[in-house]
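Let me begin by presenting the structure, written as structure tokens, before commenting on it.
The values are calculated or read from the model by the stated rules, or taken from the named source; none is laboratory data. For clarity, every value in this text was computed on a predicted model and none was experimentally measured. Counting neighbours? That spans all protein chains shown, and the Cβs are built from the backbone with ideal geometry, glycine included.
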Amino acid sequence: MNPMSEEKKIIHDLIKDVVQTDLCVSCGTCVAVCPVGVIELRNGVPELIGDCIECGLCYSNCPRTDFNINEMDNRVFNRKRSAEEEIVGIYSKVYKARTKVPEINERAQDGGVVSSILTSFISEDGDGVIIAGLDETKRWAPKPVIGKTNEDIISAAGTKYTSSSTLIGVKKAVKDQKLENIAVVGTPCQIRGLSKLTEGKFRNKKYSDAVKLKIGLFCMETFRYDDWIRYLENNNVNPEKVTKFEIKNGRFYAKKDDEVIHKTRLKNVKKLVRPCCHHCDDFTCEYSDISIGNVGSPEGWSTVIVRNEKGEKALKEAENADLIEIESFEDFDEGESLVHRLANMKKK
């Protein structure tokens with residue numbers, strides 16, 4: 001579909017086809033790509049705030065409109081995926097890794113590998129990294145942050161179980177601050193939007209040139225913020241007191257330092273999951289340069305799926321800087337790991 005043709009779809013179609021059908025993931029790609037800046041996210045969904053020029057770029061770049069997996073595989077990785085890669089996406093190598101930096105280890109969710117790679121990226125002349133920080137006015141509400149120092153990166157470490165509009169952070173970095181060398185951390189839906197923006201059929205050259213590294217996070221689902229906070233309060237959990245949330249072994253935990261202040265079976269919080277997550281079939285963030293999650297590795301380690309040369313370079317630079325230690329993930333190619341099982345579950 002040519003966005004300049006008479007058949008192009010525009011913001012009103014995006015709202016009808018994506019927002020009103022509960023497909024919108026609140027990633028902010030539509031905001032980032034709008035050439036005249038007349039789209040904003042309000043309450044997590046796009047709204048038109050000015051005169052639309054009907055270019056169709058918002059619709060064409062949305063990760064929830066036409067997304068052809070075979071076409072994107074070729075655009076991002078220059079090849080088709082093999083039968084062994086059908087479930088987890090194209091990759092070259094898989095490792096187990098963990099940070100060697102005490103300050104990162106104290107704040108990190110699991111192995112601290114994402115924060116360590118970002119620290120390495122900044123030290124290697126990176127201009128900034130787009131990460132999920134926290135809103136100062138709403139406890140545990142994520143917001144995109146442009147990190148430029150180790151302190152910025154460490155302060156944003158740890159998993160947030162509600163969505164951040166990552167592509168708005170990308171827009172601020174590239175268009176507003178004119179940064180030319182950035183890394184972006186995102187969930188599968190966010191990285192799909194970013195991949196359309198940087199490597200899709202209607203890619204934007206400014207973003208393509210500036211985004212040097214895409215770090216993907218394993219993700220099964222995220223929660224609706226208001227419902228999640230209400231759930232915590234109804235279970236006598238003060239969000240202000242929580243220092244860390246975790247999902248492990250089929251259970252959801254809220255912790256205050258080392259103390260577990262709330263624990264429940266994961267099925268009890270499934271009702272909090274955003275409707276858009278029920279339509280996602282990507283667990284391992286298949287279009288990143290390197291994908292990272294805690295599934296499949298021992299306690300305190302992360303599973304690292306390297307997908308291309310950019311991902312391998314980023315991992316090795318962190319290792320060479322003595323920020324992480326890595327081990328080979330044996331037998332991953334056999335396709336029977338927990339990563340494969342969960343990825344297959346999400347595909348179905």
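Being surrounded by fewer than 17 Cβ atoms within 10 Å (Cβ to Cβ), farther than 23 Å from Ala32 by Cα and modelled with pLDDT under 95 is true for just one of Glu240, Glu221. Which residue is that? If you could, list the steps in order and put the result at the bottom.
Working: Glu221 fails: surrounded by fewer than 17 Cβ atoms within 10 Å (Cβ to Cβ).
Unique residue meeting the criteria: Glu240.
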Qualifying residue in segment 217-224 (condition: free of Cβ contacts under 8 Å to residues at least 40 places away in the same chain and either over 27 Å from Thr303 (Cβ atoms) or not polar (S, T, N, Q) (or both)): no
Scope segment 235-283; condition outside any strand (DSSP E or B) and among the acidic types (Asp, Glu); matching residues: Glu240, Asp257, Asp258, Asp281, Asp282
Lone qualifier among Ile53, Ile39 - being in contact with a Cys (Cβ under 6 Å, 6 or more places away or on another chain) and either at pLDDT 95 or above or not assigned by TED's automatic domain parsing to the domain that holds Glu334 (or both): Ile39
Given (1) in a strand (DSSP E or B); (2) of a type in the set (A, V, I, L, M, F, W, C); (3) farther than 17 Å from Ile90 by Cβ, index of the condition Val295 fails: (1)
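Look at Lys267 and say whether it is over 23 Å from Ala157 (Cα atoms), touching a helix residue (DSSP H, G or I) at 6+ places or on another chain (Cβ under 9 Å) and free of Cβ contacts under 8 Å to residues at least 60 places away in the same chain. Talk me through it step by step, then tell me what you get.
Numbers: over 23 Å from Ala157 (Cα atoms): yes; touching a helix residue (DSSP H, G or I) at 6+ places or on another chain (Cβ under 9 Å): no; free of Cβ contacts under 8 Å to residues at least 60 places away in the same chain: yes.
Spelling it out, it is not the case that Lys267 is over 23 Å from Ala157 (Cα atoms), touching a helix residue (DSSP H, G or I) at 6+ places or on another chain (Cβ under 9 Å) and free of Cβ contacts under 8 Å to residues at least 60 places away in the same chain.
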Qualifying residue in segment 10-31 (condition: assigned to a strand (DSSP E or B) and either of a type outside the set (Phe, Trp, Tyr) or more than 18 Å from Gly186 (Cα to Cα) (or both)): no
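In segment 184-216, which residue that is in a strand (DSSP E or B) and either in the same structural domain as Ser26 (by TED's automatic domain parsing) or buried (at least 21 other Cβ atoms within 10 Å of the Cβ) (or both) is nearest to the chain's Cα centre (by Cα)? Outline the logic, then answer.
If we filter segment 184-216 for residues that are in a strand (DSSP E or B), which is where we start, we get 184-186, 211-216.
Narrowing the set further to residues that are either in the same structural domain as Ser26 (by TED's automatic domain parsing) or buried (at least 21 other Cβ atoms within 10 Å of the Cβ) (or both) leaves 184-186, 211, 213-216.
Details: Val184: 8, Val185: 5, Gly186: 2, Val211: 14, Leu213: 12, Lys214: 9, Ile215: 7, Gly216: 5 Å.
Restricting to residues being in a strand (DSSP E or B) and either in the same structural domain as Ser26 (by TED's automatic domain parsing) or buried (at least 21 other Cβ atoms within 10 Å of the Cβ) (or both), the top hit is Gly186.
For segment 264-306, which residues satisfy the criterion of being more than 25 Å from Asn105 (Cα to Cα) and among the polar types (S, T, N, Q)?
So in segment 264-306, the residues more than 25 Å from Asn105 (Cα to Cα) come out as 264-282, 286-287.
Across segment 264-306, the qualifying residues are Thr264, Asn268.
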Members of segment 120-160 that are under 22 Å from Ile191 (Cα atoms), among the charged types (D, E, K, R) and touching a Pro at 6+ places or on another chain (Cβ under 8 Å): Asp135, Lys160
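Filter segment 85-119 for residues that are hydroxyl-bearing (Ser, Thr, Tyr) and surrounded by fewer than 21 Cβ atoms within 10 Å (Cβ to Cβ) and give the result.
Looking only at segment 85-119, we keep the residues that are hydroxyl-bearing (Ser, Thr, Tyr), and these are 91-92, 95, 99, 115-116, 119.
Matches in segment 85-119: Ser92 only.
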Unmet criterion (only one of (1) over 14 Å from the mean Cα position of the chain (by Cα); (2) closer than 18 Å to Glu124 by Cβ; (3) crowded, with 24+ Cβ neighbours inside 10 Å) for Lys316: (3)
